[in-house]
Structures are given as C-alpha cells and as structure tokens.
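**Student:** Take a look at this one; I'll ask things after.
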Amino acid sequence: MYAQMVKTARVGVKPRDEMTEQERAFQDRVDANEKIEPKDWMPDDYRRTLIRQIGQHAHSEVVGQLPEGNWITRAPTLERKAILLAKVQDEAGHGLYLYSAAETLGVSRDELIELLHQGKMKYSSIFNYPTLTWADVGAIGWLVDGAAIMNQVHLQRTSYGPYARAMVRICKEESFHQRQGYDIMMKMAFGTPEQKAMAQDALNRFWYPSLMMFGPPDQDSVHTAQSMAWKIKVATNDELRQKFVDQTVPQIEYLGLTCPDPDIRLNEETGHFDFTPPDWSEFFAVLKGNGPCNKDRLKARITAWEDGAWVREGMLAHARKKAAATAAAE
Amino acid sequence: MSSEWPLWEVFIRGQYGLSHRHVGSLHAPDAECALRNARDVYTRRNEGVSIWVVEAAHITASSPSDKGPLFEPSESKVYRHPSFYDIPDDAGAM
C-alpha cells in the first residue's frame, strides 16, 4: 500500500495483563471506536508507529507525483493535460493533509522530509517503476489509485482522528483519479490496434507491481496484529489484495484486454479469483532501493527541496521584515 | 531561529449562512501566503465561499484532562433541555 511494511514499534500484540492501567484505558477507547485526538494520552509505540505509517503515506503521495508529472508536457490533448495537472496537484494536497496529520503527533514536516532524503523513511514501492507510454498514466490512475482507494476507504475508520479525517478528504478526491485513469484505458483499448497494444503493455507492466502495493502476504507480515489491535490498520494485506483482484478482473475483461496472469480464474467455491502472487523477491529488492527508478525519484525530491531552499528562506525573511516594520509603525 | 514556516489552521465557510469550519492546516511564511495556499489546497472543488487562517500558535485549546471538570457539570442539568418539561397536548404547539 502507500504505507508498506510499516514496522510497529513492537512485535506481537501486547497482552492485556502486561498493560499499565493507562494502556488498558487507551485500548478500551480504541475498542469502543472512539477517536484518539492529538492531545490525548497514547502509548509511545502507537505514536511512533503512526508517525512512520502516516509519514510513509505522505511521502508516497509526493513521490507519486513524479511518474505522472513526467507526462504533463506530453499529454495528448489540452483536456487530458488539464486533467493530469489537476490530478498531480491533488497528490500534492494529499501529501500536505498527511504531513499535517503526522505533525499533530509531535514531528515536524521538515524532519520527515529530511528522513526521506536520508533514506531512513520509505515511500510506496510502486513509484519506482517508470512511465514509458501515455497508457501508463491510464494504468496508474486505474490500478495504482484503485489499489490505494481499497486501503484508504478502510483507513477512514482508523483510530487516530487527524489521520481518519485526512483519509475522508483523500477518498473523496481519489475517486476522480481512478475514473480518469480508466477513461484513458477505455480510449486506448477501444482505439487503434497500436493504442490497444499500448494499453495491454501498460497493464502487463503494472499488474504485479500493483498487487505488491498491499505489502507482503499476511503470514510474513509480523506487524499486522498490533496495528490491527490499535486500529491503525483495518484490513490485512491479503484481504485487500483479494478484494482488488476481484474488482479489477471484470474491468480488464470490459476493456477487452488480457490479464498478464495466465492462471487467474474464478474459484466457484470461494467466489473469489485465484491468482498468482507477485514475485516477492522483486518487491523486497525495490524496497531496498534496487527498483528501476529509486535513485531518480529520490534525486528529484532532494533537488526540488534544495533548489527551493532560497525561495523558502527568502519568503520567511520577507515575512519577518514586514512583521517588524508593522510592529515598529504601531 | 527556525527556518521552518509556521503552521496555520484553516477554516472554511462552506456556503453562505453556515459557520466557518476547521478543515486542516498548512505551512506559510505569513498570513497572506497562508490564505493563498489555503485557497489552493482546500477549495479546489468549490468547497467554500470564505477562508479564515489563524496561526496555530495563537490557538488556546482545552486540555483532555480537563474534560471532566469542564463538561461533566452540564450532564446533570437536564432541565436545560426542552424535553425535560411535560406539556400536555391540549396546551397546543409549543
């Protein structure tokens, strides 16, 4: 997902009899679906895990602008360009909502950005794949934003108030992203044979990386249990992945495209699609920094941050000078 | 001195006739930029007709530990609600 493999600050769920009275009262509030707010008492591990998760999610939104931003100047029509600009601008907004939510936990946005640039915080593996053709922009909206929505819809019910509220806003906007992506795919899939081939190629390349977005299989996901007890994770990786596959296969069929997984088929007994899991060694390699675009993505972020420093400093100096002049005149 | 832009809280009036409501926060060097950024971030889809921005440091908030002393006293004052009073139907609409 946009936050993958977020390490909880502890492994395994803390048993109730090991909890302090304060921790038990906290868990009771979470169990009763009460929202935890910034000034409320919370266990240190809950705070640390949330900072990691929300921070990673925020970084993903911001880094996620890069693969699509690549196509803004080359969008096929003025309308598509306006739509793509609006979408990429939304991603910046989503990053901002999430950084703001993280900041309520006592970390500053600049600190989080610094950690990203030092390679100490991650962003979603999906953004380390290149966007080679215009059809990739369609595939990202449809599959990547589609996978993100699957997770984010659940996170609207997460226990931490500011995170849940950010998710509500994000989900409202994200639906446009997925639909504009599918709209591009329809145009291509129903177009010339060349366009259709381009759409198929984009699907082929983004299918497995999209499945990886949900994170490793539940059996290897040691942090899930505690995060679920805290309700900062509301569904497991495998549940969400299955839901995504079930939703997406009919959409592939509608486009007249072929799923790149030759073994995908509806299991009559379960009512779900059986599918081939992605190559997890590729997932771990990408997370470690060895994906096709990791270095470019991070370099682009660091350059943007460093090249913008004089603007940030100049604007702050101007604001302070103006405030001092106003104070002197009073 | 920190080079990080201060934090501002953003309040939007959704429609004429409604109060401003807190929608989120952002960083900006001054009030003017905060207002402009708020417009870009929080009203991209016709969400508002008016914006307030307040530097977060200027907000005084009640503490969660004061929840009891602040809000419990009103729980026992049921007579402040109209439903406390039993008025017979014969008395007409009230």
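**Student:** How many square angstrom of accessible surface are buried between A and B, both sides summed, with a 1.4 Å probe and rounding to 100?
**Tutor:** 2000 Å²
**Student:** Identify which of A:ASP136, A:ASP218, A:ASP263 has the largest mean-square fluctuation in a Gaussian network model of chain A, with springs joining Cα atoms closer than 10 Å.
**Tutor:** A:ASP263
**Student:** Then there's this: Count, for each residue of B:25-32, the Cβ atoms from other chains sitting within 10 Å of its Cβ, then give me the mean as a whole number. Walk me through the intermediate numbers first.
**Tutor:** Details: counts 8, 6, 8, 3, 11, 7, 2, 2.
If you average over the peptide's residues, the count of other-chain Cβ atoms is 6.
**Student:** Any idea how far the Cα center of the range A:1-52 sits from the one of the range A:82-153, in Å?
**Tutor:** Taking the Cα centre of each part, the range A:1-52 and the range A:82-153 sit 25 Å apart.
**Student:** I've got another one for you. What's the angle, to the nearest 10 degrees (0 to 90), between helix B:31-42's Cα axis and the longest principal axis of chain B?
**Tutor:** Around 70 degrees separate the two axes.
**Student:** Residue by residue through B:38-44, how many Cβ atoms from other chains fall within 10 Å of the Cβ on average?
**Tutor:** Per residue, the number of nearby Cβ atoms from other chains is 3 on average.
**Student:** With θ taken as phi - 60° and the coefficients 6.51, -1.76 and 1.60, list the Karplus ³J(HN,Hα) couplings across the range A:75-80 in order, rounded to whole Hz; mark glycine and proline as x.
**Tutor:** With the stated coefficients, the range A:75-80 comes to 4, x, 9, 5, 5, 4 Hz.
**Student:** I need the phi-derived Karplus couplings for the range A:244-255: 6.51 cos²θ - 1.76 cosθ + 1.60, θ = phi - 60°, integer Hz, Gly and Pro marked x.
**Tutor:** 5, 4, 4, 6, 7, 4, x, 5, 5, 4, 4, 6
**Student:** Please give the contour-minus-distance gain from B:SER65 to B:ARG36: 0.36 nm per residue of separation, less the Cα-Cα distance, rounded to one decimal in nm.
**Tutor:** Value of the extension gain: 6.8 nm.
**Student:** Hey, rough spin-label estimate for A:LYS39 and A:THR303, points 7 angstrom out along Cα→Cβ, what's it come to in nanometres?
**Tutor:** According to this spin-label approximation, the distance is 4.5 nm.
**Student:** May I ask you to derive the FRET efficiency for B:TYR16 and A:VAL168 from their Cβ-Cβ distance with R0 = 25 Å, giving the value to the nearest 0.05?
**Tutor:** 0.55
**Student:** Is the shape of the protein assembly as shown rounded, prolate or oblate, going by the alpha carbon gyration tensor and its root eigenvalues a ≥ b ≥ c, with a/c under 1.5 for rounded and a/b larger than b/c for prolate? Mind showing how you got there, number by number?
**Tutor:** Numbers: a/c = 1.59, a/b = 1.31, b/c = 1.21.
In terms of gyration-tensor shape, prolate.
**Student:** Give the average, rounded to an integer, of partner chain Cβ atoms located within 10 angstrom of each Cβ in B:60-66.
**Tutor:** Average per residue, whole number: 2.
**Student:** Once you mark the chymotrypsin sites (Phe, Trp or Tyr not before Pro) that are in a DSSP loop and have at most 14 other Cβ atoms within 10 Å, what is the longest gap between them in chain A?
**Tutor:** The answer is A:42-189.
**Student:** Taking 0.36 nm per residue of sequence separation and subtracting the Cα-Cα distance, how much length would be gained by fully extending the chain between A:GLU114 and A:ARG16, in nm to one decimal?
**Tutor:** Result: 31.6 nm gained on full extension.
**Student:** When ligands, DNA and RNA are left out and all protein chains stay put, how many square angstrom of accessible area per residue does the protein assembly as shown have with a 1.4 Å probe?
**Tutor:** Value for the protein assembly as shown: 52 Å² per residue.
**Student:** Which length gain, in nm to one decimal place, applies between A:LEU266 and A:LEU85 when the Cα-Cα distance is subtracted from 0.36 nm times their residue separation?
**Tutor:** Working: separation 181, 0.36 × 181 = 65.16 nm, distance 3.78 nm.
Roughly 61.4 nm would be gained on extension.
**Student:** Still on this structure, I have one more. What is the calculated FRET efficiency for A:ALA323 to B:TYR79, with r their C-beta to C-beta distance and R₀ = 41 Å, to the nearest 0.05?
**Tutor:** Plugging the Cβ-Cβ distance into 1/(1 + (r/R0)^6) gives 0.25.
**Student:** Please find the FRET efficiency linking A:ASP31 to A:ASP220, where r is the Cβ-Cβ separation and R0 is fixed at 30 Å, and quote it to the nearest 0.05.
**Tutor:** The pair A:ASP31/A:ASP220 has a calculated efficiency of 0.65.
The values are calculated or read from the model by the stated rules, or taken from the named source; none is laboratory data. Note that the coordinates shown come from a computational prediction; the quantities given were computed from them, not determined experimentally. Positions of Cβ are generated from backbone atoms using ideal geometry, with glycine treated the same way; all protein chains shown enter the neighbour counts. Heads up: the accessible areas ignore ligands, DNA and RNA and are worked out on the full protein's heavy atoms, side chains in. Shrake-Rupley method; radii C 1.70, N 1.55, O 1.52, S 1.80 Å.
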